[in-house]
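Please treat every number below as a calculation from the coordinates, not as lab data. As the structure is a computational prediction, the values presented were derived from the model and not from experiment. All Cβ positions, even for glycine, are placed from backbone atoms using ideal geometry, and neighbour counts span all protein chains on display.
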C-alpha cells in the first residue's frame, strides 16, 4: 500500500497555541515518516467488504463497486482543509470508473452542520454520518485509522486498499497513480471487471504471459 502525505491535515478540535502547533507539525511529520517506512509499495493491504448506511438510508458495500476505483474520504464540517478538496472529489466521482464515498465525523451534536456543508459545496457523492471517530461502531473501523482530517483510502477495482492519503488529495497525482497502477497490474484489473468479458480478457492476458515466460526460458 502506498502512503501519500499531502500536507498537514486538520487535527480533531483545533490546537491554539503556537508551541503546540509546531509540536503538532513535528509529530505529524514523524508519524508519516514511520508509516512510509512501514508500508510496502509493492503490495496492497487486505481490505474489508465495508457495509455503510448513507444519509438516505441506502446500504453501501465495497463489493457493490467491483470494477471501479473507490475513494473513502473522512472529513469534518469544521475542517478547512477538507473543504479545499471538495471540488476535486466531485470531479473524481463524476468519472465512470470512480466512486467517492464521504464519511462525516466529529460534528458533535450539530448534525445540521454536515447537511449545510454538503449543500453549500454541492457534494454529489454519497455521505455517511460517522459520529465520533472514537465511537465503537465508527465506520473507520471497517476501513483504517483516521487521526486527522481529511483522510482518505483508495481501493483498486479488485477491492484492495492501494493507497492511504492523509491530507488534501491532488486529483492530478491520484489519476497519474491510477494509470500507472493499471499499467502494472493488467491481470488484476481484467479480473476485477464485473462481466464475463473481463474474465475473458484476464484469461487471454494470463495466456500471453505464460507464453512469454516459456519463450524466455527457451
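The residues 129, 163, 189, when put in order of fewest to most other Cβ atoms within 10 Å, stand as 129, 189, 163.
In this label model, residue 135 and residue 120 are separated by 2.2 nm, measuring between points 7 Å along each Cα→Cβ vector.
Here, the range 55-121 yields an orientationally averaged convex hull projection of 4.9 nm² when only Cα atoms define the hull.
Show me 180-187, 167-174 ranked by packing, highest mean number of other Cβ atoms within 10 Å first.
Numbers: 180-187: 14.0, 167-174: 16.6.
Taking the mean over residues of other Cβ atoms within 10 Å, the ranking is 167-174, 180-187.
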